[in-house]
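Only one structure is covered here, and it is reproduced in the block below.
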Amino acid sequence: MTTIRLGSHDEDVFVLQRMLSMLGFNVVTDCIFGNGTLSAVTTFQSQNNLTTDGIVGYNTWQCLFDNSFAPSDILEGVDISHHNSDEGGAVDFDFIADNYWFCFVKSTEGATVQDAQFLENFKSLRDRHILRGAYHFFRMMNPDVQGQIDNFLTAGIDYRQKGILPPVLDVEPSLKEFQNTDTLTASKNDIVARMHTWLDAVETKTNKTPIIYTSRHIWDDILKSPTGFERYPLWVASYSNTATRPNMPLNWNNYIMWQYTENGTVNGKSGFDINRCIISYADLLKLAGF
């Protein structure tokens, strides 16, 4: 993290303001280090026996990261694709910036498909300093795994930038593939091998450990609980507004995100995937390169 002070205005200021707001300080997340942010910073420094100079340097950042966020804090985020940006239903990114902590965007599918709204969506998220990531919809029966790798890696994401979350491999059948799950199960060894190839190549190129998105039904019933993926962070789909824990696939004891509904409402518009992140905001920031 860079040293920031009164007058600073960048992504680090936005992160600082979100941290302070989570701690109960009344600050506006406008990316501008003004007098309101200064007052909150000096109060925080005083409360934690830091030098009360209003400058957010190493010691203040370290105190924020070390002491501010327990894993029990529920951070919610959304994931979107062009389906959320159709006529009359454009995504309100200002609403997301005010109410959610992260957003994943569909970038690619299979070896050739690129989401029509991806670059526009990703830029809108960057302009609002929202933690953002991209997911690749894995065509399970497509043998051209190198094409799927190249499709994702040429989508226009610079993983050296701060604010970008790890790449995601979306492991779920397409609607057409879902029509014959017996074929998927019969081909599971080939599918699993291609998944390993994609994950290895993308991790090598981006220098970030990818996240796997899937559900218990897909992982256990269709793919028959493949092993060798346990080191990857899990984003699990399990739809329940009342359960305290998702329905977990075998071989994973932990998860970092839970997609608990596919029909959430964002600023009055329904049909959004809403996710809970169970790691701390500090850990989420580290995943995003801060």
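The values are calculated or read from the model by the stated rules, or taken from the named source; none is laboratory data. Bear in mind the structure is a predicted one, so any value in this text is a computation, not a measurement. Methodologically, a virtual Cβ is constructed for each residue, glycine included, from the backbone with ideal geometry; neighbour enumeration extends over all protein chains shown. In case anyone asks, the SASA skips ligands and DNA or RNA and just uses the protein heavy atoms, side chains included. Shrake-Rupley method; radii C 1.70, N 1.55, O 1.52, S 1.80 Å.
Direction-averaged shadow area of the convex hull around the Cα atoms of segment 213-290, nm²?
6.4 nm²
Kindly rank 55-64, 166-175 from highest to lowest mean number of other beta carbons found within 10 Å of each residue.
The most tightly packed comes first, giving 166-175, 55-64.
What does DSSP give for segment 46-203 in terms of the percent of beta bridges that are antiparallel, rounded to the nearest 5?
Roughly 10 percent of the DSSP beta bridges within segment 46-203 come out antiparallel.
If the only charges are +1 at each Lys and Arg Cβ and -1 at each Asp and Glu Cβ, what is the size of the charge dipole of segment 163-290 around the Cα centre, to the nearest 20 debye?
280 debye
P(r) for segment 93-235, please, calculated from all Cα pair distances in 5 Å bins and given in %.
2, 10, 20, 22, 19, 13, 9, 4, 1, 0
Within a Cβ distance under 13 Å of residue 188, other residues only, what is the Lys/Arg minus Asp/Glu net charge?
-3
Can you tell me the relative contact order of segment 146-252? Whole percent, Cα pairs under 8 Å, sequence separation 6 or more.
Relative contact order here is 28 percent.
Solvent-accessible area per residue for segment 1-146 at a 1.4 Å probe radius, Å²?
Counting only protein heavy atoms, the per-residue value for segment 1-146 is 46 Å².
Against the 2.2 N^0.38 Å scaling, with N counting residues, where does segment 77-159 land? I'd like the Cα-based Rg ratio to two decimal places.
That works out to 1.13 for segment 77-159.
How much net charge surrounds residue 110 when only other residues with a Cβ under 9 Å from its Cβ are counted (Lys, Arg +1; Asp, Glu -1)?
Local net charge: -1.
Taking Cα pairs under 8 Å and at least six residues apart, what relative contact order does the chain come out at, in percent?
16 percent
Using amide H atoms built in the peptide plane, which far-off residues or other-chain residues are under 5 Å from residue 225 H to H?
Distant-sequence amide H within range of residue 225: 220.
Could you report segment 214-279's accessible area per residue, 1.4 Å probe, as an integer in Å²?
46 Å²
What does the charge add up to near residue 236, with Lys and Arg as +1, Asp and Glu as -1, over the other residues with Cβ less than 10 Å from its Cβ?
It works out to a net charge of +2.
For segment 257-265, in order, what is each residue's ³J(HN,Hα) by Karplus, 6.51 cos²θ - 1.76 cosθ + 1.60 with θ = phi - 60°, in whole Hz (x at glycine and Pro)?
Ordered by residue, 3J(HN,Hα) equals 9, 10, 7, 9, 8, 10, 9, x, 10 Hz.
Give the Rg (one decimal place) followed by the Dmax (whole number) of segment 17-67, computed from C-alpha coordinates and expressed in Å.
Final numbers for Rg and Dmax: 9.9, 27 Å.
Starting from a Cα-only point model with no solvent, please compute log10 I(q)/I(0) by Debye for the chain at q = 0.07, 0.15 1/Å.
Each listed q corresponds, in turn, to -0.28, -1.17.
Taking square-rooted eigenvalues a ≥ b ≥ c of the alpha carbon gyration tensor, is segment 104-150 rounded, prolate or oblate, where a/c under 1.5 means rounded and, failing that, a/b exceeding b/c means prolate?
Because a/c hits 1.5 or more and a/b exceeds b/c, segment 104-150 counts as prolate.
Nearest 500 deg cm²/dmol is fine: what mean residue ellipticity at 222 nm does the chain get from its DSSP H runs of n ≥ 4 alone, each adding -39,500 (n - 2.57), divided by its residue count?
Using -39500 (n - 2.57) per qualifying helix, the result is -9500 deg cm²/dmol.
What percent does the relative contact order of segment 74-194 come to when contacts are Cα pairs within less than 8 Å and at least six residues apart?
Contact order relative to length: 24 percent.
Using amide H atoms built in the peptide plane, which far-off residues or other-chain residues are under 5 Å from residue 75 H to H?
For residue 75, the qualifying residues are 277.
Percent of accessible area on the chain owned by carbon and sulfur, 1.4 Å probe?
Answer for the chain: carbon and sulfur cover 46 percent of the accessible area.
Any chance you could count the Lys pairs in the chain whose alpha carbons are under 25 Å apart, treating pairs 8 or more apart or on different chains as valid?
Summing the qualifying lysine pairs gives 21.
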